[in-house]
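Each value in this text was obtained by applying a stated rule to the coordinates, not by laboratory testing. What you see is a predicted model, and the numbers here were worked out from it, not measured in a lab. Please note: Cβ atoms are built from the backbone with ideal geometry, for glycine as well, and neighbour counts cover all protein chains shown.
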Amino acid sequence: MKSIRNSAVRFFLFVGVAIFIVTFAMISVEARKHHNSRNKPHKHLKGKGSNGHNAPDPAENIPAPAPPPLPYHGSYPARSIIFDVLSFGAKGDGVSDDSKALLAAWKAACKVSGAVVEIPAKFEFLIKPITLQGPCMPHLVLEIDGILLAPPQPGAWPKSGLFQWLNFKWVHDFTIQGTGKLDGQGSAWWGPSGVYYIQKRFKHNPDMKPTALRFYDSHNVTVRDIKIMNSPQCHLKFDSSSGIKVNNITINSPESSPNTDGIHLQNTKDVEIQHSNIGCGDDCVSIQTGCSNIHVHHINCGPGHGISLGGLGKDKSAACVSDIVVEKISLQNTLSGVRIKTWQGGIGSVKNVTFSDIEVSDVKYPVIIDQFYCDKKICKNQTDAVAISGVKYDRIIGSYSVQPLHLACSNDVPCTDVDLIDIQLKPSSDGFLGFRQALCWNSYGKSQAPLLPSSIDYCLRSESGSVKRIARSHAEHSCPS
């Protein structure tokens, strides 16, 4: 009797275990089905877009609450959360205004640590001027694999958007990356019709044109791998920011496009710009007042106006620039190579600057200090000047088409502690009609062979204590030591 009861217990125990296993298996299958359905790529209904890609059905134009973002397991950390702009109502047809979708995706991602705002490949997104604002949770990423398009005609830009196209404000620990591009579609701004439109609409500021990508008061920002092209004016600007890293980007606009600086820095410190290709209608890299601890290296520049510090001191303003290293730069067919330019009448200082390992090919003016900078036909002579000291030119090699070296320092505030080391520059053609002699005006320092042309060897004056005191007195009153 006892053995029968034991057999019955074992039987019911076996049946219970079997039921549990079958039930668990069914739940697991359903969970996998649900997970797989959520992780399928965004399915777009067929419809003609301007770029030939499939576009969503127009019947779905009414915004709906966005689905929760999916975990991404590609090139991001396993816990990254993706906020795809298509899930927020973007059409990606290059014609529809997708600005609100991008802003909605940004606001949602901003609240999540390590989030990724995704601009997917194979789509074109028309974005009107927009501000993407922080502060956000740390390690936010904007992944641009598709194409962002600015409005193609100046008349389509609102008056409030004429300073910049994509404006990032107060972002920290932030990265922009991807295989896509930002197209400012700026050609209409460069020609006579664009100039006429701006002058008619904004008589007080006829030179106003948008920057493509601007960061303001942002810190620990990385921009890498993307392409920025055809900006109405400057392509990439950092203002009042710090901890900036720019790596492996491409900037492209025609040589004839006016004022289209590649990368523009002002009031920004602790910057590294490296391994990038920049061709534009103005400075490839422009370093303005308030900048310090800037490292620019491994840059291909051309066409353009070279790597420039300035113009500084415009309208008698104070300019302070220090601790700049520009090295391992290749310049082809540019207006200048490495340049410092200041306006007459300004105050302040440029100090501790190194230009080294610079290769130039058919560059008009490979080495320039110009303290008589003027963007008009005539500028009034003034005595005050931004003091320039501690500038080293080391290993500047290649060919020039106008003049090898041009150091035109202020009549009243000389350039001091200028080093010319291993400068080897030859005319770029046999039929050369430019200046073969180097020019050094009121510039003091020392030179070291090899030097070509030989006029560089006796270009600089020997310094004296009184010369340094004059330069120092102009700098100390305006810039912190």
(message) How big is the dipole moment of segment 283-480 about its Cα centre under a simple scheme where the beta carbon of each Lys and Arg is +1, that of each Asp and Glu is -1, and everything else is neutral? Debye, nearest 20, please.
(response) 440
(request) Quick one: work out Rg over Rh on the C-alpha atoms of segment 117-167, Rh as Kirkwood radius. (result) 1.02
(request) Please state, to two decimals, what the Cα-based radius of gyration of segment 244-334 comes to when divided by 2.2 N^0.38 Å (N = residues). (result) 1.03
(request) State the volume of the convex hull built on the alpha-carbon positions of segment 326-377, expressed per residue in Å³ and rounded to an integer. (result) 77
(request) Can you give me the P(r) profile for segment 283-480? Cα pairs, bins 10 angstrom wide beginning at 0, each as a whole percent. (result) 10, 39, 38, 13, 1
(message) Filter Lys209/Lys392; Lys209/Lys446; Lys245/Lys351; Lys107/Lys341 down to the pairs with a C-alpha to C-alpha distance above 31 Å, please.
(response) Lys209/Lys392; Lys209/Lys446; Lys107/Lys341
(request) Please provide three numbers in whole Å: the alpha-carbon extents of segment 280-390 along the principal axes, with the largest listed first. (result) 35, 32, 19
